[in-house]
Every structure is written in C-alpha cells, then in structure tokens.
Amino acid sequence: MSEYNYGISIHGGAGTIDKSLMTNEKELAYTHALQTAIDAGYEVLESGKSAIKAVTAAVCELENSPLFNAGRGAVFNSLGQHEMDASIMDGKTLHAGAIAAVRNVKNPVYLANLVREHSDHVLLVGDGALEFAEKFKVDIETDAYFHTDQRYSQWQKIKDSDDFQLDHTSDKKYLGTVGAVALDKNGNLAAATSTGGMTNKKFGRIGDSPLIGLGNYANNNTCAVSCTGSGEFLMRAVTAYDISCLMEYKGLSLQKAAEYSILNRLTALGGDGGVVTIDRQGSISMVFNCDGMYRGSRNQNHSEVAIYK
C-alpha cells in the first residue's frame, strides 16, 4: 500500500435538486457521468501520476458531458454565446493557472493548466486566452458543439430580460459548476474548477470558479478545495481559502473547516453551494447547504457517487 491514502473527489454542481422531478433515466445518466469522471481521475492516481493530472482528467470528462454546466454543457450568455471559466492549482508549488470569458475551447481546464505550466501569469481572459491557446494547438470546437436544446430553452425564456439564472431553473436553483480535488501517491494535492457561468449573464460577468482562493485552492500543508454555488457569495466569503485557513491557523479538521465555512459563513451571507475537499492525509469531505450536490469520491478503500442530501 502507498504511504499516502491517495484519492479523488468531484462535483458537478449543487442546488435544489428535486428527486421527485428526476426520472430514473436522467438519474442514471448523471450517476454514470460522475462515475466515469471519478474513474478517469483515479486511474491516473493509481498509475502513480500527479494529482494535477488526475484533476485535469476528471474535469475534462465532466466538461465533455452535456449534462453539466461546463465545456460542452455550458449555458448561453445574453448574446447567445458560451463563455467559460476554469482554474487549476498545484498544492506542492502553489502555482496556479486560470482562464475566464473564453469561447469555443473544448476543455477549459486543459487550457488553464497550460497557463499554469507555460506562463508567468495566473489568469488570462477572453481573446488573450484564445491567443495563448493557439500557441499550444488547444482543441477548439464550433458553436454547434456547445449547443444543447435544454440550455437553449432555458435561455429563450429570459433572453430579452435583465434576469439571469444560476444554471437551469428559475424557481428551482441548480448552481452549475464542475470540479475535482485529489491527493496523489507522493502526497501532493491539486484542485480544479470549471464552469459555463450563468444563463443570460451580461457585461462579461466572471464568478468564483477561475479565481484562486475563492472557488479553487490547493496547499499541501492543508487541503485542496473546489467550490460550486452562488459565485458572488463564494467570492465575498473567500470560501476555498477560508477552509484552508481554518485548518492552518485554527487547527480545525477538514470536515469541521468545510462545515464551518459552508454551513456558517456562506449560509450567513445568504449563499447557496458546496465544496469537495481532500486533505494531506487523504480524508475527503463533501459539504453543501442546499438540497443536493452532484458528487462522488474514490480512494483505495471506498467509492461513492451521490446526488441528494
């Protein structure tokens, strides 16, 4: 057995996920997509490769699925376009890469990792990020690739208004983002987060997902965190870094830190959402303050996929 209890945890968004409205077919599709992503990341860890490679592999699988608000399943903005954000962080070096308001990139998390590896910057935005992507021949897809009837229908209902939606409902909120955290055999942590943002978003709005310390964070001294939920509230609460700080400066366990940050601080602000986290001992915590969160985890002793509370 490895010295470290290597493992991975993923999420595909949190919010009001009503079991009574979920068909067996749809539930099976979500479960299969989550399991596929977990297995992709875990196989990377099992082969002895890095946590960075594992979270990249897992998030790419989620981005390739039309079920989640990231990559292929990204929502429409007010102009009928898909603007995507992503970030990734290495807990060993604290190096990070992120992209925001990027269009037509098949796997935004892959581009974020190239920023981490091949630039002196952390965050690249819009056309500049695409210019950077061209240097590395990143896979680009047409607008048609990102078109799903469900997302288009959501946008049609509010496109001529000043309203926006956190993913795909009005009275029932589903806060769409995908992410992964991992610990590898060498004891290194990593986190990655990717999103399509809000339906009908305007003015180049960017949420927490591409912002280090807010929607994504990893530090070998403490933990790795990927957030999902109402981005403006996660930004104000500095949620990802908050969990790490509670561990480093207050000595809280991973579970206690995640619970305090989500169930106390985020809730007190009025924000909905959750996190997947893993610490340097391989302990995994998946905490959320809403009805459900598409989530899963796997290590040498345990494998789980869940949707509801």
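The values are calculated or read from the model by the stated rules, or taken from the named source; none is laboratory data. Note that the structure is predicted; figures quoted are calculated from it, not measured. For neighbour counting, all protein chains shown are included, and Cβ atoms are generated from backbone atoms with ideal geometry for every residue, glycine included.
Just checking, which of THR195, THR222, THR228 is in contact with a helix residue (DSSP H, G or I) (Cβ under 9 Å, 6 or more places away or on another chain), β-branched (Val, Ile, Thr) and farther than 19 Å from GLY296 by Cβ? Spell out how you get there, then give the answer.
Details: THR195 fails: farther than 19 Å from GLY296 by Cβ; THR228 fails: farther than 19 Å from GLY296 by Cβ.
None of the other options fit; the residue is THR222.
Given the criterion of a type outside the set (S, T, N, Q), touching a strand residue (DSSP E or B) at 6+ places or on another chain (Cβ under 6 Å) and under 20 Å from ASP279 (Cβ atoms), identify the matching residue among HIS11, HIS95.
Details: HIS95 fails: touching a strand residue (DSSP E or B) at 6+ places or on another chain (Cβ under 6 Å).
The conditions single out HIS11.
Quick check: is even one residue across the range 277-293 within 24 Å of LEU67 (Cβ to Cβ) and in a helix (DSSP H, G or I)?
no
Condition first: modelled with pLDDT under 95 and surrounded by 15 or more Cβ atoms within 10 Å (Cβ to Cβ). Can you find one or more residues in the range 135-143 that meet it?
Within the range 135-143 (the criterion being modelled with pLDDT under 95 and surrounded by 15 or more Cβ atoms within 10 Å (Cβ to Cβ)), the answer is yes, since at least one residue qualifies.
Taking the conditions exactly as written (of a type in the set (Val, Ile, Thr), farther than 20 Å from ILE38 by Cβ, surrounded by fewer than 24 Cβ atoms within 10 Å (Cβ to Cβ) and at pLDDT 95 or above), does ILE206 satisfy them or not? First the steps, then the outcome.
Values: of a type in the set (Val, Ile, Thr): yes; farther than 20 Å from ILE38 by Cβ: yes; surrounded by fewer than 24 Cβ atoms within 10 Å (Cβ to Cβ): yes; at pLDDT 95 or above: no.
So ILE206 does not fit the description; no.
Of the residues that make up the range 89-98, is at least one loosely packed, with under 13 Cβ neighbours inside 10 Å and of a type in the set (Asp, Glu)?
no
So in the range 184-203, with the set limited to residues that are among the charged types (D, E, K, R) and modelled with pLDDT under 95, which one is nearest to ILE10 (Cα to Cα)?
Taking the range 184-203 as the starting set, the residues that turn out to be among the charged types (D, E, K, R) are 184-185, 201-202.
Subsequent filtering for residues that are modelled with pLDDT under 95 retains 201-202.
Working: LYS201: 25, LYS202: 28 Å.
Applying the filter and picking the extreme gives LYS201.
Residues in the range 14-32: is at least one closer than 22 Å to MET89 by Cβ and either surrounded by 15 or more Cβ atoms within 10 Å (Cβ to Cβ) or among the acidic types (Asp, Glu) (or both)? It would help to see each step written out before you state the result.
Kept after step one, since they are closer than 22 Å to MET89 by Cβ, are these residues of the range 14-32: 14.
Then keep just the ones that are either surrounded by 15 or more Cβ atoms within 10 Å (Cβ to Cβ) or among the acidic types (Asp, Glu) (or both); that gives 14.
Yes, the range 14-32 contains at least one residue that is closer than 22 Å to MET89 by Cβ and either surrounded by 15 or more Cβ atoms within 10 Å (Cβ to Cβ) or among the acidic types (Asp, Glu) (or both).
Please verify whether ALA14 is among the small types (Gly, Ala, Ser), assigned to a helix (DSSP H, G or I) and in contact (Cβ under 8 Å) with a residue 12 or more places away in the chain, treating the condition exactly as stated. Talk me through it step by step, then tell me what you get.
Values: among the small types (Gly, Ala, Ser): yes; assigned to a helix (DSSP H, G or I): no; in contact (Cβ under 8 Å) with a residue 12 or more places away in the chain: yes.
Here the answer is no, as ALA14 does not meet what is asked.
With the requirement that a residue be modelled with pLDDT of 95 or more, surrounded by fewer than 16 Cβ atoms within 10 Å (Cβ to Cβ) and either within 19 Å of the chain's Cα centre (by Cα) or outside any strand (DSSP E or B) (or both), what does the range 294-307 give you?
Listed by number, the residues that qualify are GLU304, ALA306.
Only residues in the range 218-232 that are under 28 Å from MET198 (Cα atoms) count as the first member; pair them with residues that are part of a loop (DSSP other than H, G, I, E, B) and charged (D, E, K, R), Cβ under 7 angstrom, at least 6 apart or cross-chain, and list the lot.
Close Cβ pairs satisfying both conditions: CYS227/ASP208; GLY229/ASP272; SER230/ASP272; GLY231/ASP208.
Looking at the range 44-57, can you tell me whether even one residue there is over 22 Å from LEU111 (Cα atoms) and either of a type in the set (D, E, K, R) or in contact with a strand residue (DSSP E or B) (Cβ under 9 Å, 6 or more places away or on another chain) (or both)?
First pass over the range 44-57, keeping only residues over 22 Å from LEU111 (Cα atoms): 46-48.
Add one more test, that the residue is either of a type in the set (D, E, K, R) or in contact with a strand residue (DSSP E or B) (Cβ under 9 Å, 6 or more places away or on another chain) (or both), and what stays is 46.
Taking every residue of the range 44-57 in turn, at least one turns out to be over 22 Å from LEU111 (Cα atoms) and either of a type in the set (D, E, K, R) or in contact with a strand residue (DSSP E or B) (Cβ under 9 Å, 6 or more places away or on another chain) (or both).
Any idea which residue in the range 239-287 is nearest to GLY176 (Cα to Cα), counting only those that are out of contact with any strand residue (DSSP E or B) (no Cβ under 6 Å at 6 or more places or on another chain), among the polar types (S, T, N, Q) and surrounded by fewer than 19 Cβ atoms within 10 Å (Cβ to Cβ)?
The qualifying residue nearest to GLY176 (Cα to Cα) is THR267.
Which ones in the range 104-125 are touching a helix residue (DSSP H, G or I) at 6+ places or on another chain (Cβ under 9 Å) and outside any helix (DSSP H, G or I)?
ASN104, VAL105, LYS106, ASN107, SER119, HIS121, VAL122, LEU123, LEU124, listed by residue number.
Give the number of residues within the range 48-68 that are of a type outside the set (Ser, Thr, Tyr), within 25 Å of HIS95 (Cβ to Cβ) and assigned to a loop (DSSP other than H, G, I, E, B).
Qualifying residue count for the region: 2.
If you check LEU28, LEU45, which single one turns out to be under 20 Å from the mean Cα position of the chain (by Cα), aliphatic (A, V, I, L, M), on the phi < 0 side of the Ramachandran plot and part of a helix (DSSP H, G or I)? Give the steps one after another, and end with the answer.
Details: LEU28 fails: under 20 Å from the mean Cα position of the chain (by Cα).
Answer to the selection: LEU45.
Across the range 71-97, which residue is farthest from the chain's Cα centre (by Cα) among those that are at negative phi and small (Gly, Ala, Ser)?
First, pick out the residues of the range 71-97 that are at negative phi: 72-79, 81-93, 95-97.
If we keep only those that are small (Gly, Ala, Ser) as well, we get 73-74, 78, 86-87, 91, 96-97.
Details: GLY73: 13, ALA74: 13, SER78: 22, ALA86: 8, SER87: 8, GLY91: 16, ALA96: 15, GLY97: 14 Å.
Within the range 71-97, the match that is farthest from the chain's Cα centre (by Cα) is SER78.
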